[in-house]
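Following: one structure in structure tokens, then a few remarks.
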Amino acid sequence: QVQLVESGGGLVQPGGSLRLSCAASGIIFSIRDMGWYRQAPGKQRELVATFTSGGSTNYADSVKGRFTISGDNAENMVALQMNSLKPEETAVYYCNAVVNGKGRWGKGTRVTVSS
């Protein structure tokens with residue numbers, strides 16, 4: 001069974017940094033378009049950043065210049081370096097990828113930005 005497992009969430013002060021990681025496991029024939037989404041309390045899930053198999057990246061405007069996504073398709077992993085975090089970025093962060101032709105979600109990792 002294919003799984004996406006996130007790690008690295010936690011409590012951080014405003015202006016601080018966190019690094020999230022996501023690893024895919026199971027029987028994987030193909031994996032592409034790995035990325036991160038987040039869902040804040042009472043809000044819809046939104047795109048944070050994506051990393052394509054070709055190496056291109058896409059970021060939400062709100063995180064450009066502060067977040068960096070990196071991926072390793074050979075290792076089936078994607079990471080998200082988050083700097084200068086803001087309280088409004090408190091959310092559950094989810095990993096997403098197309099694995100064996102099907103979109104998959106991780107269970108999420110909680111990020112709390114608070115003093």
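The values are calculated or read from the model by the stated rules, or taken from the named source; none is laboratory data. Treat the numbers as computed from the prediction; the structure is a model and nothing was measured. No Cβ is skipped: glycine too gets one built from the backbone with ideal geometry, and neighbour counts run over all protein chains shown.
Taking each residue of segment 47-75 that is within 21 Å of I28 (Cβ to Cβ) and looking for partners that are charged (D, E, K, R) and at pLDDT below 95 with beta-carbon atoms closer than 8 Å, six or more apart or interchain, yields T50/D33; F51/D33; T52/R32; T52/D33; S53/R32; S53/D33; N73/R32.
Going by the structure shown, is E46 acidic (D, E), closer than 30 Å to S115 by Cβ and within 16 Å of the chain's Cα centre (by Cα)? Answer is yes for this residue. Just one of the listed residues (P41, P14) is at pLDDT 95 or above and farther than 15 Å from N96 by Cβ, namely P14.
Within segment 81-110, being part of a strand (DSSP E or B) and either crowded, with 17+ Cβ neighbours inside 10 Å or touching a Pro at 6+ places or on another chain (Cβ under 9 Å) (or both) holds for M82, A91, V92, Y93, Y94, C95, N96, A97, V99, R104, T109.
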